[in-house]
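Here's the structure we're looking at; comments come further down.
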Amino acid sequence: MDRTRSRAGAVLGSLTALALAVTGLITGGAGSADAATRAVPKHAVTGYWQNFDNGAQVQKLADVQDEYDIVAVAFADATATQGQITFNLDSAGLGGYTVDQFKADIKAKQAAGKSVIISVGGEKGAVAVNDAASAAAFADSAYELMQEYGFDGVDIDLENGLNSTYMTQALKSLGSKAGSGFVLTMAPQTIDMQSPSNEYFKTALAVKDILTVVNMQYYNSGSMLGCDGKVYSQGTVDFLTGLACIQLENGLAPSQVGIGVPASSRAAGGGYAAPDVVNDALDCLAKGTGCGSFKPSKTYPDIRGAMAWSTNWDATDGSSWSKSVGAHVHGLP
């Protein structure tokens with residue numbers, strides 16, 4: 001997910017929020033006093049919010065479309081200390097958006113039942129967690145950001161390598177600090193999830209007990225192998241279902257698997273899948289309908305949902321992605 005190129009609400013009443021907490025997975029964050037009354041829905045939509053202007057429509061966090069259940073703030077920044085992260089709001093690039101406004105908007109999103117997390121990485125991300133010291137620095141600094149801004153958790157979008165041993169150590173430590181309300185998402189590239197022996201896949205399996213969802217980036221990859229060993233072209237139903245199957249059949253729970261796609265054709269260098277293609281893939285995985293030439297041997301009705309890069313590119317395109325895919329995800333049984 002690239003911050004320089006074209007890649008990569010209504011407030012719920014307390015009764016509604018309570019109902020979500022009962023029917024979904026309890027989520028929240030170290031800075032969220034009402035974490036116990038919010039939930040990531042059984043079927044959820046994740047969207048990345050751009051803390052920069054790369055030609056997509058600039059948004060304040062308050063402008064993020066209501067269809068997004070998890071909003072990943074892109075991105076945290078590395079510091080001079082290996083593993084340590086910080087966050088710098090691009091106030092100038094976002095039209096004078098202030099830190100106080102940003103923090104207030106996080107609280108407002110949370111009051112509306114949404115989760116707001118900090119994303120670590122992106123195409124140009126330079127965060128490295130390769131030893132015990134950097135793992136501790138990551139966990140400590142991420143927790144400090146959760147405390148300072150009220151983030152509900154973190155998203156791991158490291159596209160320049162990942163050490164499963166120490167990233168697992170960092171995430172386990174952070175999860176312990178944050179407690180039961182911790183929201184943990186991941187956005188690996190397709191190559192990272194082709195086999196459970198890959199470092200990213202190994203990390204996802206190692207933190208499965210605290211993992212909310214893996215929204216693999218089903219784009220910018222060219223053709224890839226599906227779980228049946230056949231080659232599928234990006235942008236197709238078969239690509240989405242055949243690659244999701246690898247994760248579903250190799251240790252992740254269906255509720256931990258989401259489909260990550262560009263919100264518009266301008267949002268990625270390749271692999272754009274039209275909303276109806278995404279919806280067909282979700283139906284194929286959840287219900288066995290809408291499949292292409294590849295049809296999974298079983299259905300996964302608890303499939304978590306979908307992710308978009310980004311809420312800004314979605315807004316640029318009239319929010320057509322979230323209106324279509326968002327409604328479809330929330331309508332899954």
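The values are calculated or read from the model by the stated rules, or taken from the named source; none is laboratory data. Everything numeric in this text was worked out from a predicted model, so none of it was measured. Cβ sites come from the backbone with ideal geometry, for glycine too, and all protein chains shown count toward neighbours. We work out accessible area using only protein heavy atoms, side chains counted, and drop any ligands, DNA or RNA first. Shrake-Rupley method; radii C 1.70, N 1.55, O 1.52, S 1.80 Å.
Residues that are modelled with pLDDT under 70, among the charged types (D, E, K, R), crowded, with 22+ Cβ neighbours inside 10 Å and under 30 Å from Asn220 (Cα atoms): does segment 1-19 have at least one? The answer is yes; a qualifying residue exists. For Ser91, the conditions (1) farther than 14 Å from Ala62 by Cβ; (2) under 20 Å from the mean Cα position of the chain (by Cα) all hold with the exception of (2). Residue-level check: of (1) modelled with pLDDT of 95 or more; (2) under 17 Å from Thr185 (Cβ atoms), Val127 misses just (1). Here Ala308 clears all of (1) farther than 18 Å from Glu67 by Cα; (2) touching a Gly at 6+ places or on another chain (Cβ under 9 Å); (3) hydrophobic (A, V, I, L, M, F, W, C) except the condition numbered (1). Only strands (runs of 3 or more DSSP E) whose full extent lies in segment 159-266 are considered here, and none of them has at least 2 residues that are at pLDDT below 95 and crowded, with 21+ Cβ neighbours inside 10 Å. Taken over segment 320-332, the criterion of being among the small types (Gly, Ala, Ser) and open to solvent by 20 Å² or more (accessible area, probe 1.4 Å) is satisfied by Ser320, Ser324, Ala327, Gly331. Applying a threshold of 8 Å to beta carbon distances and a minimum spacing of six or more residues, or different chains, the list of pairs starting in segment 117-145 at a residue that is in a helix (DSSP H, G or I) and ending at one that is at pLDDT below 90 reads Tyr143/Ala30.
In this structure, Gly235 does not qualify as within 18 Å of the chain's Cα centre (by Cα) and either on the phi > 0 side of the Ramachandran plot or aromatic (Phe, Trp, Tyr) (or both). Being small (Gly, Ala, Ser), in contact with a helix residue (DSSP H, G or I) (Cβ under 7 Å, 6 or more places away or on another chain), modelled with pLDDT of 95 or more and not in a loop (DSSP other than H, G, I, E, B) holds for only one residue in Ala281, Ala273, and it is Ala281.
Looking only at segment 44-96, how many residues end up being of a type outside the set (A, V, I, L, M, F, W, C) and open to solvent by less than 60 Å² (accessible area, probe 1.4 Å)?
Residues of segment 44-96 of a type outside the set (A, V, I, L, M, F, W, C): 46-48, 50-51, 53-55, 57, 59-60, 63, 65-69, 77, 79, 81-84, 86, 88, 90-91, 93, 95-96.
Narrowing further to those that are open to solvent by less than 60 Å² (accessible area, probe 1.4 Å): 46-48, 50-51, 54-55, 59, 65, 67-69, 77, 79, 83, 86, 90-91, 93, 96.
Qualifying residue count for the region: 20.
If the condition is being under 19 Å from the mean Cα position of the chain (by Cα) and surrounded by fewer than 23 Cβ atoms within 10 Å (Cβ to Cβ), then segment 120-144 contributes Glu123, Lys124, Gly125, Ala126, Tyr143.
Of the set (1) part of a loop (DSSP other than H, G, I, E, B); (2) open to solvent by 10 Å² or more (accessible area, probe 1.4 Å), all apply to Phe151 but (2). From the set of residues in segment 284-311 that are at positive phi and assigned to a loop (DSSP other than H, G, I, E, B), which is least open to solvent (accessible area, probe 1.4 Å)? Here the residue is Gly288.
Here is a check on your reading of the model: is Val99 modelled with pLDDT of 95 or more, open to solvent by less than 10 Å² (accessible area, probe 1.4 Å), among the β-branched types (Val, Ile, Thr) and touching a Phe, Trp or Tyr at 6+ places or on another chain (Cβ under 9 Å)? The answer is no for Val99.
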